[in-house]
Amino acid sequence: MSEPEQLESTPAAKPTSDTPAAGADSDAAVTLPGDIASDTETIVHVMRHGEVHNPKGILYGRLPGFSLSVAGRSQASSVARALSEHDISLVVASPLQRAQETAEPIAVQHGVVVRTDDNLIEAGNTFEGLRVSVGDGALRKPRHWWKLRDPFTPSWGEPYLQIAHRMLAAVNKARVEAAGHEAVLVSHQLPVWTLRRFLEGKRLWHDPRHRQCSLASLTSLVYQGDTLIDIVYSEPAGESDPRVTGA
């Protein structure tokens, strides 16, 4: 797909400030009770960063020093062009370098400064810095197998529910500030995909090989007032393989 108008729409769970989304704890606020008029449409585009320069193919997680590759910079520019006619009033990114670099051309296009929100950061992972491809690297060594004992939380990293809650906090903050306009939040594959599953009321544990979250893709959350009415997925920079570790 080359344009954001070519979208895949997913019916939203339509949480309100009084009704937590499925998969959430009962005390988790899904939307903010606000002063946003019920007929005001706000769109929060949650974006995955572009391709990273990672010649060793490691799971870099939150490690510093991983910048976009040449292809990744091209992907970021493609998304900036695709969003050039959109009413973007706010651009926010994870503190990690690859997310900041992805956000920059979009911010420049719309004359705003990239803000940073730690809630958009990559998920914590005990395999950080290691190769974890199937049949290769850390997963072949028995000393690491205990980390895989619980795929539901998961045992090898940050709990899915914690990821969902912090991502939703970032989204809610952005949608209130950008009310009546559009915002772009640049994050990472697992956080973006976890947020989407949370909002769709699906179980949070999943097969990572089947994530619909290509490099530089947009998962666009459409709000009417405080109510989420639609989730729209698009790939302005093209499709990428979710099975490629460290992309």
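The values are calculated or read from the model by the stated rules, or taken from the named source; none is laboratory data. No experiment lies behind these values; they were computed from the predicted model shown. Backbone-built Cβ (ideal geometry, glycine too); neighbour counts: all protein chains shown. Quick note on the areas: whole protein, heavy atoms, side chains included, nothing else; ligands and nucleic acids left out. Shrake-Rupley method; radii C 1.70, N 1.55, O 1.52, S 1.80 Å.
For the stretch 52-118 versus the stretch 166-236, the spacing of their alpha-carbon centroids is 16 Å.
Quote the charge dipole size of the stretch 38-89 about the Cα centre in Debye, to the nearest 20; the model charges only the Cβ of Lys and Arg (+1) and of Asp and Glu (-1).
520
What part of the accessible area of the stretch 35-131, given as a whole %, is carbon or sulfur when the probe is 1.4 angstrom?
Numbers: 2120 of 4370 Å².
That fraction is 49 percent.
Highest average first, the peptides 157-168, 184-195 ordered by how many other beta carbon atoms sit within 10 Å of their residues are 184-195, 157-168.
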